[in-house]
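Below is one structure, written out as structure tokens; comments come after it.
The values are calculated or read from the model by the stated rules, or taken from the named source; none is laboratory data. Not measured: the values here are computed from a predicted model. So basically every Cβ, Gly included, is an ideal-geometry build from the backbone, and we count neighbours across all protein chains shown. For the accessible areas, the whole protein counts, side chains as well, though only heavy atoms, and no ligand, DNA or RNA atoms are used. Shrake-Rupley method; radii C 1.70, N 1.55, O 1.52, S 1.80 Å.
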Amino acid sequence: MTKRAIKRAVQVVVLASLLPVLIGGCALNGSQPTGPQQGQAASPPEPGLDLPKRPRDLPVAGLGEVQICELIKPEQLGQLGVGGGDPAPKDAEHDFPGCSWLSEPGAASSIGVLVLIAPMSVQDLQAQSMDPSGDTATTYELADGFGAVQSQVPGAERLGCVVDVDVAEGKTLEAGLSWQGGAELTNQDMCAKAKQAAEFAVSNLQAQG
């Protein structure tokens, strides 16, 4: 997790008392098509990271908060245990468009989910990161074939987990899970939810063409 991600996690905690929360349903959307579309060449992964070959560039250029808030469907939000959907907080240094969702008040574990689109490669985004926690830091391939980098902050793992996905040339989709109170989640559980949020967003982007 980057220093920026920690700051955003803290901002989401503040938003919890200000934003309305709506919980979605409980069924997961069916699987979405994967792989390159006709006429679209697959792109190589960013250099310096052990990521699989990007199946294709996803249509993330120009997405604003409203569109990003639609990247996770209501029934998928129910699986994550969050609802609502509001523009993510920004700052002058990292003015990235994003969306945040929050769990219902009184939930056993109070969490926030954040999805944003960073106008830089995974490699450049990772260059801004602190050394990742050895417990959960890893790279892997999402179910849709896109490479991802998972990370937490050493000594502050309980704050949450972040998954950065190589979705297009010079573009990264970041999905984060922040713990905000109540029953604590394990590192593995937080990272599993962050990965799930990333997979939902990537699958829905693929469905858009």
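Kirkwood radius and radius of gyration were both taken over the C-alpha atoms of the range 61-111, and their ratio Rg/Rh is 1.03.
Can you tally the net charge around S103? Count Lys and Arg as +1, Asp and Glu as -1, for every other residue whose Cβ sits under 15 Å from the Cβ of S103. So the environment of S103 carries a net charge of -3.
Solvent-accessible area per residue in the range 112-209 equals 33 Å², computed with a 1.4 angstrom probe and all protein chains kept. I'd like the carbon and sulfur percentage of the solvent accessible area for the range 142-209, probe radius 1.4 Å, heavy atoms only, ligands and nucleic acids excluded. After summing per-atom areas, the C and S share lands at 50 percent.
Protein heavy-atom accessible surface, 1.4 Å probe, per residue over the range 58-108: 43 Å². Placing dummy labels 7 Å off each Cα toward the beta-carbon, the span from D50 to K90 is 3.7 nm.
Using the alpha carbons alone, the radius of gyration of the range 69-209 stands to its Kirkwood radius in an Rg to Rh ratio of 0.93.
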